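Read the structure below first, then the notes.
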Amino acid sequence: METIQEQVITLPRIGDKAPIFKAVTTQGDINFPEDYKGEWVILFSHPADFTPVCTSEFITFAHLESKFEKANCKLIGLSIDGLYSHIAWLRTIKEKIEFKGMKNEEIKFPLIEDITMSIAKKYGMIQPGESKTQAVRAVFFIDPKGIIRALIYYPLSLGRNFDEIYRALIAMQTSDKFSVATPADWNPGDDVIFPPAGSCGVAEERMTNNDELTCEDWFFCTKKLDKDTILRDILKN
Ligand code: BEZ
């Protein structure tokens, strides 16, 4: 009789400490999260080097790297490939590949080699229903204290939306800085959500006597937050 062994897949969750690891990368060895204290990190995985969707994503990430850097956010990539494959692929991207008008893009952020899958497994990047040998397209947003703040997973066939990745980063930084939440489809300059009233008195006050807020009802109040204020307080010069 065949024994079916259940494979347990661990997925780190929002609010968890980001699993620690040491890694060999295209930019030298890294010790995570120790080397990134005080910075946001987007740690992302891709299925394989020398594949077209991944190539389009790397060109886009390279093109946007300085924009993420201005938001105090470092990028780190990972796949189940070796270092020499990574180096060869990144060289090919820089020398030969154009995507949507972006060309000669140099990938300056670290790309982790993870042939043993040890890091990919810690981060739930191997999802056997999709592939047993390739990482799915995972995106982990890790804050300056090393806490996982958001995660997005995409299947192998679906290239990521970089506007959304940047929007989510800026929205979380805005929430931290201004103690507000951000509504559906928020972008800097849109009204933000004021935290819900925690008592009947505050609810009444909100509805009757507050010039700063616009309240649809006691539990749904928004306020203006100027785009320039956000960008001045969040982005590096
Ligand atoms: C790609 O990046 O093109 C890709 C990788 C794995 C499966 C399907 C597509």
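So which lysines can LYS121 reach, going by Cα to Cα under 29 Å and dropping same-chain residues fewer than 8 places off?
Cα-Cα hits under 29 Å: LYS17, LYS22, LYS37, LYS74, LYS108, LYS132, LYS145.
Using the Cα gyration tensor of the stretch 21-160, with a ≥ b ≥ c the square roots of its eigenvalues, what is the shape: rounded (a/c below 1.5), prolate (a/b larger than b/c) or oblate (neither)?
Verdict is rounded for the stretch 21-160.
Taking the Cα centre of the stretch 21-160 as the origin, how large is its charge dipole in debye, to the nearest 20, when only Lys and Arg (+1) and Asp and Glu (-1) carry charge on their Cβ atoms?
280 debye
Would you mind calculating the relative contact order of the stretch 179-234 from Cα pairs under 8 angstrom and at least 6 residues apart, reporting the percent as a whole number?
37 percent
May I ask for the Rg/Rh ratio of the chain, computed from Cα atoms with Rh as the Kirkwood radius, given to two decimals?
1.05
Please give the length that would be gained between THR214 and ASN72 if that part of the chain were fully extended, namely 0.36 nm times their separation in residues minus their C-alpha to C-alpha distance (nm, one decimal).
The THR214-ASN72 span can extend by a further 47.9 nm.
Estimate the FRET efficiency between ASN161 and ASP190 by the formula 1/(1 + (r/R0)^6), using the beta-carbon distance for r and 25 Å for R0, to the nearest 0.05.
That pair, ASN161 with ASP190, gives E of 0.85.
Would you kindly derive the ³J(HN,Hα) couplings of the stretch 117-132 from the backbone phi angles with the Karplus curve 6.51 cos²θ - 1.76 cosθ + 1.60 (θ = phi - 60°), listing them in order in whole Hz, with x for Gly and Pro?
Going residue by residue, I get 6, 5, 6, 4, 5, 4, 9, x, 7, 9, 10, x, x, 9, 6, 8 Hz, with x marking Gly and Pro.
Give me the one-decimal nm value for the distance between modelled label points at ARG13 and LEU235, 7 Å along each residue's Cα-to-Cβ direction.
It works out to 3.6 nm between the two label points.
Multiplying the sequence separation of GLU205 and LYS145 by 0.36 nm and subtracting their Cα-Cα distance, what value in nm do you get?
Extra length available between GLU205 and LYS145 comes to 18.0 nm.
Let's test the formula: R0 of 30 Å, r as the Cβ-Cβ distance of LYS100 and GLU39. What FRET efficiency results, to the nearest 0.05?
For R0 = 30 Å, the calculated efficiency reads 0.60.
Remind me, relative contact order of the chain in percent, using alpha carbon pairs under 8 angstrom and six or more residues apart?
21 percent
No value in this document is a laboratory result; all are computed from the given coordinates. Since we're looking at a predicted model, the values are computed, not measured. Backbone-built Cβ (ideal geometry, glycine too); neighbour counts: all protein chains shown.
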